[in-house]
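The values are calculated or read from the model by the stated rules, or taken from the named source; none is laboratory data. Given the structure is predicted, the values throughout are model-derived calculations rather than measurements. So basically every Cβ, Gly included, is an ideal-geometry build from the backbone, and we count neighbours across all protein chains shown.
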Amino acid sequence: MAAALPSVRPPLRFVLCGAVDDGKSTLLGRLLRDCRQVFADQMRKVEEDSRRWGTRGDQADLALLVDGLRDEREQGITIDVAYRTFETARRRFVVADAPGHEQYTRNMATGASNADLAVVLADARKGVLPQTARHTRIAAMFGIRHVVLAVNKMDLVLWDRSTFEAIADGYRSLARDAGVEKLQVIPVSALTGDNLTRRRESTQWYSGPTLLEHLETVDVESSIDGESFRMPVQYVNRPNSDFRGYSGRIRAGRVSVGDRVRISPSGTETVVGSIVVWQGTRERAERGDSVTLTLANEVNVTRGDVIAEAFDPPGVTDQFQANLIWMSDRPLVVGRSYLLKIHSREVTATVTRIRYRLDVSRGSMLAGTTLNLNDLGTVNIATNRPITYAPFDRYPGLGSFIMIDPTNNETAGAGTINFALRRASNLRWQDFHVTREARQELKLQRARCLWLTGLSASGKSTIADLLEKRLHAEGHHTYLLDGDNIRHGLNRDLGFTEVDRVENIRRVAEVARLMVDAGLIVIVSFISPFQSEREFARGLFEPGDFSEIFVDASIETCAARDPKGLYARAMRGEIGNFTGIDSPYEKPGNPDLHLDTEKLGPEECAELILRRLL
Amino acid sequence: MSGTRASSGRTDRSGAHWLSALESEAIEIIREGIATAARPVMLYSMGKDSSVLLHLARKAFWPAPPPLPLLHIDTTWQFREMISFRDRIVARAGVALVVHVNREGLAAGVNPFSHGSERYTDVMTTGALRQALDAGEYDIVFVGGRRDEEKSRAKERVFSFRNAAHQWDPRAQRPELWNLYNTRVQQGESLRVSPLSNWTEADIWRYIAAEGIPVVPLYFAKRRPVVEREGQWIMVDDERMPLEPGEEPRLLRVRFRTLGCYPLTAAVESDADTPKAILAETLATHDSERRGRLVDHDGDASMERKKREGYF
């Protein structure tokens, strides 16, 4: 293999962005062709395709080199981010070609998250558009400090200097405001190739570099010095009792054999015993390396823990402020549970407050109660377990996270941590000597939570009442939490909007958890219409302590039973947000027990619960 | 920069640093997949990318053997040398091997000559893969795909979601940010995971050379019996290949840039008989490696269509 030449700079990862029709795909296609990165058979194919899909008459449409999806060719736009690797004599590049349409902003964010530099395009005839500003702000939010503004289609304004200067000036203030540290502005024509790889000699007023020259020479590496060692544990490697290694990729700093490290969040300290690699060991490793560490002492380390420099350990928190981009068609709901993945740890998390929503074109803050698809905002987030974190601008690998909607597993949001909220760090979980096990032993029972969900009038309360009577008669210690009763007291302040319903369930689930900790068998009888809230409730308990029981009756049956006359009133429009009428009920996909109350009587249902679940 | 071909960018300047970054990234991806999988599997085709992938899996879990089986979709039309290579390598790596053949296809006599490449691939490759994945109930499927291979692959995620029918929906891809991979699937759904996403063909050869990874000898130039068909050299690997009237196999010094089923994989004339010589040729070539894969030319956007249907 050829030895690394010391003069060769590290590879540059950049994202290409800008508004639709500014010519991103054409610019990239041109850049690839002019750097001789296009094979002869690929070029022949593009010439064929150009006759079919192209927008350039008989000329080869170079955008077709990169727009690979069928829908993209048919619509003549870029939908998804494409990654290409190319290299010149001076440097290797990985470029993410991001879509310009506003509806695909999330794909632009995807491209930005793994880039060191952004090339933002602007059409010389149109200047800086709202989407140009949006992309610039997203790039800055995702930690990109270096931006190139390529003012494209200069041939169409006859290389007019004042047009260029006006766009450059306007963009400079925007970039400064967004937090871009280094900006280079270059006039180009992707169509003719001027100032891409080849200088346009006839434009004497521009003396700066061509786009390629700039990309080949720009220095974007952040120094490894001054960083402390951080390695999230991805995988515990324990092939036999003689070997226990912790595998991961080093996110920051360096590590050497014998270094003192702290396991976060537990706080245990130990020493690095060895750094294991393929068929051997190493003395040291640094940022970017995938390694396996062994530790001098037997300590408890699991996936999601972070092994870190002992003298400068990372923070631990369960509440923080973050910038968030929302990527789902389903709007963010404050208080709803999502899965949050940060480095290699997954926890349950809720957005507790939307501080503001960002107007991305102007950079101003807007009030907001939700974030919709492609919205950016600043939010407070609480997690159900403490996480090891760092502010994103200091340690990107410990300060970035994604949020996953647990009902359909889609990646719904992505964020960067600004700082921990103080409340959390001052609160410590207190361990006491009398444990749940001790309490339930005294009661001669196993504490647990039986969660009954179903439409109003499906029979939940009747079944719950019968069930508790049976348990009580058998000498068990129980408590029944009933939806209507709790709303008279603890949840008196809550209404029936989606946000309030989420909070209603959160409180009840937390109360049920405390009662299970107290050693009780807790029966919860709540409509609890949303799958994600029931999943949240389940997540509060140890596996096996929580059973979801679906009390099932059709909406027609429930409306016909209507013991409280509520359906009649809801249908007359006197009650709003009534489950089953104008508010949805999400049926449990996989309940622990399914009770069909159209076929079974309440006694039979209670009997089934006793036999199957207790 | 110079505009002439000889002195332009396609010289080998990417050093050890870049290769080791690609290696670390691939190992991270493999570990993440394994750590979150219920039933992982690695597709193994005996090709150069498979060889690199297996090598990386061994590195990722050293000193333990890779904690997952390999799955080989046997079309029964692969080069003979590939099968003997497979059995040798698998034994050495200490991993389990699952071999799957589409028995119905075989019984129906589906072959690349009388059924055409498209129908044959649908049955013996795509169909067989679906059968094998259903049977194994695999949730994480490691594959050797690279983004530089083909345009639709350039758009595909590292952890690429497939529905219960193994289909890829390019419009509904999960955003994939930083190194934070969303590995969650529901029953029946799966993820195709490509640890080599950011590698190029040249990187593969650089790495094979640097690490001394064994590959099937068909990659190296040697005199082999071939016939010319539609401007491509097809090797006569066994007696099942029907010759056209007047067609006479010639002995030519050839090698293969990609390996698949011998009737569908064209050879190139070459003298390159070491990984380094192949690397030099790769950096100087004018054609992409997929030119030698007849199946890719079956129609416009043919690869995207095959992937929507569950192809590799």
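Here are some notes:
- Filter result for A:VAL94 (more than 9 Å from chain B (Cβ to nearest Cβ), outside any helix (DSSP H, G or I) and either under 15 Å from A:LEU16 (Cβ atoms) or modelled with pLDDT under 85 (or both)): no
- Just one of the listed residues (A:ARG362, A:ARG385, A:ARG357) is under 30 Å from B:ALA60 (Cβ atoms) and either in contact with a helix residue (DSSP H, G or I) (Cβ under 8 Å, 6 or more places away or on another chain) or more than 14 Å from chain B (Cβ to nearest Cβ) (or both), namely A:ARG385.
- Among the residues of region A:388-408, the ones that are of a type outside the set (Gly, Ala, Ser), under 21 Å from A:ARG287 (Cα atoms) and touching a residue at least 60 places away in the same chain (Cβ under 8 Å) come to 8 in all.
- Strands (runs of 3 or more DSSP E) completely within region A:512-607 that count 1 or more residues being more than 20 Å from A:SER456 (Cα to Cα) and hydrophobic (A, V, I, L, M, F, W, C): A:521-525, A:546-552
- If the condition is being surrounded by fewer than 15 Cβ atoms within 10 Å (Cβ to Cβ) and among the aromatic types (Phe, Trp, Tyr), then region B:85-141 contributes only B:PHE113.
- Under the condition of being farther than 23 Å from A:ILE523 by Cα and among the charged types (D, E, K, R), the residues counted in region A:563-596 number 4.
- Restricted to region B:182-256, the set of strands (runs of 3 or more DSSP E) holding at least 2 residues that are among the small types (Gly, Ala, Ser) and out of contact with any Asp or Glu (no Cβ under 7 Å at 6 or more places or on another chain) is empty.
- Considering (1) touching a Gly at 6+ places or on another chain (Cβ under 7 Å); (2) surrounded by 19 or more Cβ atoms within 10 Å (Cβ to Cβ); (3) of a type outside the set (Phe, Trp, Tyr), the lone condition that B:PRO65 does not fulfil carries the number (2).
- Taking helices (runs of 4 or more DSSP H) as the structural unit, those lying wholly within region A:105-200 and holding at least 2 residues that are free of Cβ contacts under 8 Å to residues at least 24 places away in the same chain and outside the structural domain of A:SER364 (by TED's automatic domain parsing) correspond to A:161-178.
- Exactly one residue among A:PRO391, A:PRO406 is under 30 Å from A:GLY226 (Cα atoms), touching a helix residue (DSSP H, G or I) at 6+ places or on another chain (Cβ under 8 Å) and surrounded by fewer than 24 Cβ atoms within 10 Å (Cβ to Cβ), and that residue is A:PRO391.
- If you go through region A:284-294 and keep only what is surrounded by fewer than 20 Cβ atoms within 10 Å (Cβ to Cβ) and touching a strand residue (DSSP E or B) at 6+ places or on another chain (Cβ under 6 Å), you end up with A:ARG284, A:GLU286, A:ARG287, A:THR294.
- Residue match in region B:95-106 (condition: closer than 26 Å to A:VAL277 by Cα, touching a residue at least 24 places away in the same chain (Cβ under 8 Å) and in a loop (DSSP other than H, G, I, E, B)): yes
- All of B:ALA209, B:ALA267 fail the test of being closer than 27 Å to B:ARG146 by Cα, touching a residue at least 40 places away in the same chain (Cβ under 8 Å), crowded, with 19+ Cβ neighbours inside 10 Å and not assigned by TED's automatic domain parsing to the domain that holds B:LYS59, apart from B:ALA267.
- The sole residue among B:GLU201, B:GLU211 that is within 14 Å of chain A (Cβ to nearest Cβ), touching a helix residue (DSSP H, G or I) at 6+ places or on another chain (Cβ under 6 Å) and of a type in the set (D, E, K, R) is B:GLU201.
- Look at region B:7-28: where a residue is farther than 16 Å from A:ASP289 by Cα and among the basic types (Lys, Arg), no partner that is surrounded by fewer than 19 Cβ atoms within 10 Å (Cβ to Cβ) and modelled with pLDDT of 95 or more sits 6+ places away or on another chain with Cβ atoms under 7 Å.
Yes/no matrix, rows are residues, columns are (1) more than 14 Å from the chain's Cα centre (by Cα); (2) outside the structural domain of A:VAL236 (by TED's automatic domain parsing); (3) assigned to a strand (DSSP E or B):
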{"residue": "A:VAL334", "(1), (2), (3)": "yes, yes, no"}
{"residue": "A:LEU339", "(1), (2), (3)": "no, yes, yes"}
{"residue": "A:GLU346", "(1), (2), (3)": "no, yes, yes"}
{"residue": "A:ILE354", "(1), (2), (3)": "yes, yes, yes"}
{"residue": "A:THR370", "(1), (2), (3)": "yes, yes, no"}
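- Check on A:LEU62, more than 29 Å from A:PHE401 (Cβ to Cβ), at pLDDT below 70, in contact with a Gly (Cβ under 7 Å, 6 or more places away or on another chain) and not assigned by TED's automatic domain parsing to the domain that holds A:PHE392: yes
- Criterion applied to B:ALA35, B:ALA26 was being surrounded by fewer than 21 Cβ atoms within 10 Å (Cβ to Cβ), in a helix (DSSP H, G or I) and within 10 Å of chain A (Cβ to nearest Cβ), and the one residue passing it is B:ALA35.
- So B:ALA57, is it more than 9 Å from chain A (Cβ to nearest Cβ), among the small types (Gly, Ala, Ser) and in a helix (DSSP H, G or I): yes
- Filtering A:GLY454, A:GLY413 for residues that are surrounded by 20 or more Cβ atoms within 10 Å (Cβ to Cβ), modelled with pLDDT of 85 or more and not assigned by TED's automatic domain parsing to the domain that holds A:THR383 leaves a single hit, A:GLY454.
- Positions within region B:158-167 being part of a loop (DSSP other than H, G, I, E, B) and buried (at least 22 other Cβ atoms within 10 Å of the Cβ), in sequence order: B:VAL158
- Scan of region A:9-24 for residues that are among the small types (Gly, Ala, Ser) and touching a Gly at 6+ places or on another chain (Cβ under 9 Å), ordered by number: A:GLY18, A:ALA19
- Any pair with Cβ under 8 angstrom, 6 or more apart, that starts in region B:185-197 at a residue that is at positive phi and ends at one that is among the aliphatic types (A, V, I, L, M) and part of a loop (DSSP other than H, G, I, E, B): B:GLY188/B:ALA164
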